[in-house]
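First the structure, in the form of structure tokens, and then the observations on it.
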Amino acid sequence: MIRLAECTYRQAERLARNDASVVLLPLGVIEQHGPHLPLLVDWLGAEELARRVAPPLRRAGVLPVLAPSLPYGVSPLAAEWSGTVSLTAATFRRVVVEIVLALAKHGFRRFVLANYQADPGQLRALASIRAALCRRRRLQVLFAGFAPGPPGRRMFDPRVRALLQSPRPEFEWHSGEMETAMVLSVRPELVRRKVARRLPPAWVDFRGALRRGARTFREMNPDGQGYFGWPAAARAATGRAALALRARLCAGDLVRSLRAWRPPKRRRLIDRGRR
């Protein structure tokens with residue numbers, strides 16, 4: 001994996017001029033994840049997803065370039081919980097757009113925004129970011145992970161849900177079995193296991209609550225502890241299998257889109273010595 005921040009400017013220049021290069025930009029958030037998980041869950045998930053989609057992209061002839069991740073995002077559902085840092089949609093949009101355009105200025109053309117935050121506020125902001133960037137015909141901007149529109153459905157593939165041990169997989173969501181399993185598989189030392197084992201299931205119709213206009217986790221479950229689902233059912237093996245499957249599904253879509261894109265020809269650089 002080529003990490004952009006570890007390159008020299010000369011290496012970055014060569015990467016930017018290489019038509020095979022694709023910048024992977026992980027987008028996470030810092031927000032509450034129940035009493036058993038750390039605030040960095042979605043940041044960690046975004047980085048892991050980006051890392052796992054890279055090998056299949058390489059096998060398809062793409063050169064993945066991992067940009068430093070952005071740990072802050074839009075988290076209105078969790079904004080009232082301690083530790084959550086929720087940017088406004090306008091601020092988040094501006095930061096991401098400026099990061100992409102700064103890299104595009106030097107020659108990078110293709111970008112994958114790897115997002116692990118499913119808050120509707122973040123997804124709406126991502127749709128706005130894509131619209132702003134795709135007006136520039138010289139750029140291709142794709143998503144991996146939770147995303148607005150069809151690309152985001154891969155994260156909810158029935159095969160992913162089938163991996164869960166929970167008897168109510170339709171109610172598994174924020175900080176439940178899946179997210180707990182993901183952290184167990186990647187950073188097990190960050191899971192408060194004794195706490196997780198004691199947490200009772202929180203079966204909440206969060207989709208219905210969102211449709212009815214709920215704007216925060218507390219509105220969805222006033223007596224809850226900030227999680228939805230059954231954390232005690234989480235196993236590291238489930239997290240590993242889910243990450244691998246989600247990455248494979250996302251990578252398949254990315255490869256098809258990257259191969260189909262026909263970028264305009266680069267402008268020829270003028271030899272300064274011949275001016």
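The values are calculated or read from the model by the stated rules, or taken from the named source; none is laboratory data. This structure is a prediction, so every number in the text was calculated from the model and none was measured. Neighbour counts run over all protein chains shown; Cβ positions are idealised from the backbone, glycine included. Just so you know, the surface numbers come from the protein's heavy atoms only, side chains and all, with ligands and any DNA or RNA stripped out. Shrake-Rupley method; radii C 1.70, N 1.55, O 1.52, S 1.80 Å.
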Ignoring everything but the protein chains, give the 1.4 Å probe accessible area of D19 in square angstrom, nearest 10.
90 Å²
Can you send over the solvent-accessible area of M220, 1.4 Å probe, protein chains only, in Å² to the nearest 10?
20 Å²
State the percentage of accessible surface on the chain attributable to carbon and sulfur atoms; use a 1.4 Å probe and exclude ligands, DNA and RNA.
52 percent
Given a 1.4 Å probe and the protein chains all in place, what does the accessible area of E47 round to, in Å² to the nearest 10?
70 Å²
Net charge (Lys, Arg +1; Asp, Glu -1) of residues whose beta-carbon lies under 10 Å from that of D119, D119 excluded, is -1
Length gained, R211-R192, 0.36 nm per residue minus C-alpha separation, equals 3.6 nm
Within 13 Å, Cβ to Cβ, of E48, how many net charges do the neighbouring residues add up to if Lys/Arg are +1 and Asp/Glu are -1?
+2
Rolling a 1.4 Å sphere over the protein heavy atoms, what is the accessible area per residue of the chain, to the nearest Å²?
51 Å²
Using only the Cα atoms of segment 65-159, build the gyration tensor, take square roots of its eigenvalues as a ≥ b ≥ c, and label the shape rounded, prolate or oblate: rounded if a/c is under 1.5, else prolate if a/b is larger than b/c, else oblate.
oblate
Starting from the residue with the highest accessible area, list K105, K194 in decreasing order, probe 1.4 Å.
K105, K194
According to the Cα gyration tensor, what semi-axes, each the square root of 5 times an eigenvalue, does the equivalent ellipsoid of segment 104-207 have, listed from largest to smallest in whole Å?
33, 16, 12
For N18 paired with R94, estimate the spin-label separation in nm (one decimal), with each label point 7 Å from Cα along the Cα-to-Cβ line.
3.5 nm
Distance between Cα centroids, segment 133-201 to segment 64-102: provide it in whole Å.
18 Å
Helical contribution to [θ] at 222 nm, DSSP H n ≥ 4, -39,500 (n - 2.57), averaged over the chain, rounded to 500
-13000 deg cm²/dmol
